[in-house]
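The values are calculated or read from the model by the stated rules, or taken from the named source; none is laboratory data. Every value quoted in this text rests on a predicted model; they were computed, and no experiment measured them. Glycine gets a Cβ as well: all are built from the backbone with ideal geometry, and neighbour counts include every protein chain shown. The accessibility values were calculated without ligands, DNA or RNA, using every heavy atom of the protein model including side chains. Shrake-Rupley method; radii C 1.70, N 1.55, O 1.52, S 1.80 Å.
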Amino acid sequence: MKTRRAVKVVSGAVAVLCAAATLSACGSDSGSDDSAKSGKLTSVTFAMASPSWNAGYAVMAVVQAEGFYEEEGLKVTTNLFPSATQAAQQVAGGGADVGLMTVEPVAIGHDKDLNLAYFGSYWAKWIYSLQVPDGSDVKSIADLEGKKIGVSAVASSGTTFARTAMELNGMSQNAASLVPIGAGAQQINAIKSGQVDALALWDIQYQIVKNAGVTLTPLPVKETADAWGGGFAATRKNLEAKKDVLERFGRAVAKAFVFSKANPEAAIRDLWKLHPETRGSDPEEKALADGIKVLEVRLDGQGFDDKTLGRIDEAAFTRSLDFLASAGLIKKFPAKEIYTDEMFKAFNDFSYDDVIKQAESAS
């Protein structure tokens with residue numbers, strides 16, 4: 001199997017992550033729970049892997065807007081980073097206590113002593129996929145030969161996913177051209193005008209495309225079926241030293257998930273209140289409807305019914321690692337080496353009914 005190109009795609013990211021692991025901590029690892037015990041709020045720095053706010057992250061706006069962080073004795077500062085690699089870098093180097101990131105950087109950093117591990121789930125399912133506009137003559141991955149695949153950026157995880165998917169289906173990673181189409185209006189225009197034949201994006205981006213009136217058909221990649229997408233990670237040191245803080249953080253997020261599920265319109269309005277730029281220029285009714293559709297993608301499969309919000313499924317995580325290993329991006333290792341499932345019960349230790357009532361009474 002030809003894996004050199006796949007390895008090259010992430011080699012720069014690995015170098016950055018490993019360099020970050022040698023940085024001196026910026027106060028992140030040295031904190032304690034003394035402030036919580038004294039009744040003061042515990043400061044937490046949170047690195048979120050997203051270039052901007054959008055409805056897919058409405059839950060992370062709700063947790064702040066509805067006061068769930070404060071209920072758990074936390075004062076959280078959220079910083080955005082364009083990629084999962086950069087978010088992982090912040091956590092590994094001590095610039096953040098917690099990071100939200102997809103599977104790749106922590107898995108790839110495993111053999112490089114990055115010492116990061118996940119403690120809570122956010123993306124319950126693998127988020128990347130290949131899709132084509134309705135009516136396309138591309139019916140399978142093999143049909144991508146000589147076609148143009150739209151990606152958000154050349155260095156995006158979607159790019160790596162597309163190349164790997166083609167290779168796993170017996171094709172060269174260069175069998176199709178990868179065309180950066182950005183996001184927003186630029187992205188929609190590229191699709192509608194036929195500048196690309198297929199797309200390698202992630203779940204909420206596809207919903208945004210659908211909201212713009214584009215019908216899409218997935219091209220199945222069996223290796224990522226039922227795989228886990230990613231979540232909240234911290235250093236191994238902080239998993240022990242700040243376990244109580246991380247449990248409170250996870251519980252605050254779980255409350256925000258319950259709130260958002262009970263009243264998605266209020267969740268979108270919370271997002272707009274904190275980040276007005278996400279409102280857009282569409283009429284309010286359409287903006288709300290479109291935002292709710294994007295949010296519902298994130299709410300799907302989270303574990304509301306059995307109250308397992310934040311739980312990481314070992315079998316699903318193993319599927320993710322199998323995919324990365326088959327692409328030559330990592331050496332195979334047990335999933336438990338980079339995650340813990342010891343905290344999700346604490347995440348769900350609150351009254352769902354009380355949060356639902358709060359949501360239902362929200363304007």
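With 234, 287, 262 as the choices, which residue is crowded, with 17+ Cβ neighbours inside 10 Å, closer than 23 Å to residue 97 by Cβ and modelled with pLDDT of 95 or more?
Exactly one residue qualifies, and that residue is 234.
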*Going by the conditions given, is residue 288 of a type outside the set (Phe, Trp, Tyr), in contact with a helix residue (DSSP H, G or I) (Cβ under 8 Å, 6 or more places away or on another chain) and under 26 Å from residue 90 (Cβ atoms)?*
no
_Restricting to the range 75-103, name every residue that is over 21 Å from residue 245 (Cα atoms) and either open to solvent by less than 30 Å² (accessible area, probe 1.4 Å) or part of a strand (DSSP E or B) (or both)._
81, 84, 102, 103
*Hey, among 111, 134, which residue is in contact with a strand residue (DSSP E or B) (Cβ under 8 Å, 6 or more places away or on another chain), open to solvent by 30 Å² or more (accessible area, probe 1.4 Å) and acidic (Asp, Glu)?*
134
*Check off (1) among the acidic types (Asp, Glu); (2) within 30 Å of residue 331 (Cα to Cα); (3) out of contact with any strand residue (DSSP E or B) (no Cβ under 7 Å at 6 or more places or on another chain) for residue 97 and give me the number that stays unchecked.*
(3)
*May I ask you to list the residues in the range 50-90 that are over 30 Å from residue 112 (Cα atoms), in contact with a strand residue (DSSP E or B) (Cβ under 8 Å, 6 or more places away or on another chain) and among the small types (Gly, Ala, Ser)?*
73
*If we scan the range 187-194, do we find a residue that is within 22 Å of the chain's Cα centre (by Cα) and assigned to a loop (DSSP other than H, G, I, E, B)?*
no
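Can you tell me which residue is surrounded by the fewest Cβ atoms within 10 Å (Cβ to Cβ) among those in the range 151-188 that are β-branched (Val, Ile, Thr) and more than 17 Å from residue 326 (Cβ to Cβ)? Spell out the reasoning first.
Taking the range 151-188 first, the residues β-branched (Val, Ile, Thr) are 151, 154, 159-160, 164, 179, 181, 188.
Adding the requirement that they be more than 17 Å from residue 326 (Cβ to Cβ) leaves 151, 154, 159, 179, 181, 188.
Numbers: 151: 25, 154: 10, 159: 20, 179: 18, 181: 22, 188: 18.
Per the criteria, the residue is 154.
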*Taking the condition assigned to a helix (DSSP H, G or I), under 19 Å from residue 224 (Cα atoms) and either open to solvent by 10 Å² or more (accessible area, probe 1.4 Å) or not charged (D, E, K, R) (or both), does residue 204 pass?*
yes
*Specify the residue that is surrounded by the most Cβ atoms within 10 Å (Cβ to Cβ); the eligible residues are those in the range 115-131 that are part of a loop (DSSP other than H, G, I, E, B) and within 17 Å of the chain's Cα centre (by Cα).*
127
*From 75, 37, grab the single residue that is farther than 18 Å from residue 338 by Cα and at pLDDT 95 or above.*
75
*Identify, please: which residue in the range 207-234 is part of a helix (DSSP H, G or I) and more than 27 Å from residue 289 (Cβ to Cβ) and is, among those, nearest to the chain's Cα centre (by Cα)?*
224
*Given the structure, is residue 158 in contact (Cβ under 8 Å) with a residue 40 or more places away in the chain, in contact with a Phe, Trp or Tyr (Cβ under 6 Å, 6 or more places away or on another chain) and small (Gly, Ala, Ser)?*
yes
